[in-house]
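What follows is a short report on a single structure.
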Amino acid sequence: MNEPTATPTRTNTPTATPVNNGNPTAASTSTLTSTPTATGTPNGGVATITPTSLPDGIEILTCFAQSTVELTGEAEPNTALLLYFNSRPVGGGFSRADGRYKLNLKIGDERPGTHIVEIRERDGRDLVRRLACDIPAPPTPIVP
């Protein structure tokens, strides 16, 4: 059963840097204005995350299927990191001696919608960063 929700509007300005064959391309900036929707999980299905069900202040990136998104930030120096997409480990790496890290998130054939991305320490699984990846629906082909 779907619960009614209020209708707040939030505007985020995410910036993602797609990487193509190891060469960064121009950064893309988009504005997302969202209205909450009620979603159910019939028969124990997986719930669809809507931007309004995300914690306040979470960064939302626009990610495209079959692309790579470069994630940068800071963690404890010389720390092994794991990269999760919807609670599924998909990659990892290490922070440098100064604590900076750069991880590449390869987006495969994921369903459209908003997905949680987390960077965690490998030892102890402490959260380093949480963000969301919004995958738009593919364009509808125009049939003449």
>> I want to confirm something. Restricting to region 54-98 and keeping residues that are of a type in the set (Asp, Glu) and within 15 Å of the chain's Cα centre (by Cα), which single residue is modelled with the lowest pLDDT?
In response: 56
>> β-branched (Val, Ile, Thr), over 21 Å from residue 66 (Cβ atoms), out of contact with any helix residue (DSSP H, G or I) (no Cβ under 6 Å at 6 or more places or on another chain) and open to solvent by 70 Å² or more (accessible area, probe 1.4 Å): is that true of residue 128 in this structure?
In response: no
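Does region 56-84 hold any residues that are of a type in the set (A, V, I, L, M, F, W, C), assigned to a strand (DSSP E or B) and either open to solvent by 50 Å² or more (accessible area, probe 1.4 Å) or under 23 Å from residue 99 (Cβ atoms) (or both), and which are they?
Going residue by residue through region 56-84, those that are of a type in the set (A, V, I, L, M, F, W, C) are 58, 60-61, 63-65, 69, 71, 75, 80-83.
Among the residues that remain, those that are also assigned to a strand (DSSP E or B) are: 60-61, 69, 71, 80-83.
The answer is 61, 69, 71, 80, 81, 82, 83.
Residues to consider are 98, 109; find the one that is out of contact with any Leu (no Cβ under 7 Å at 6 or more places or on another chain), among the acidic types (Asp, Glu) and farther than 26 Å from residue 66 by Cβ. Even if it seems obvious, please write down each step before you answer.
Numbers: 109 fails: farther than 26 Å from residue 66 by Cβ.
One residue alone meets the criteria, 98.
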>> I want to confirm something. Restricting to region 93-143 and keeping residues that are of a type in the set (Gly, Ala, Ser) and assigned to a strand (DSSP E or B), which single residue is nearest to residue 78 (Cα to Cα)?
In response: 93
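The values are calculated or read from the model by the stated rules, or taken from the named source; none is laboratory data. Computed from a predicted structure; not experimentally measured. Don't worry about glycine lacking a Cβ; one is built from the backbone with ideal geometry, like all the others, and counts go over all protein chains shown. Note: areas computed on protein heavy atoms with side chains; ligands, DNA, RNA excluded. Shrake-Rupley method; radii C 1.70, N 1.55, O 1.52, S 1.80 Å.
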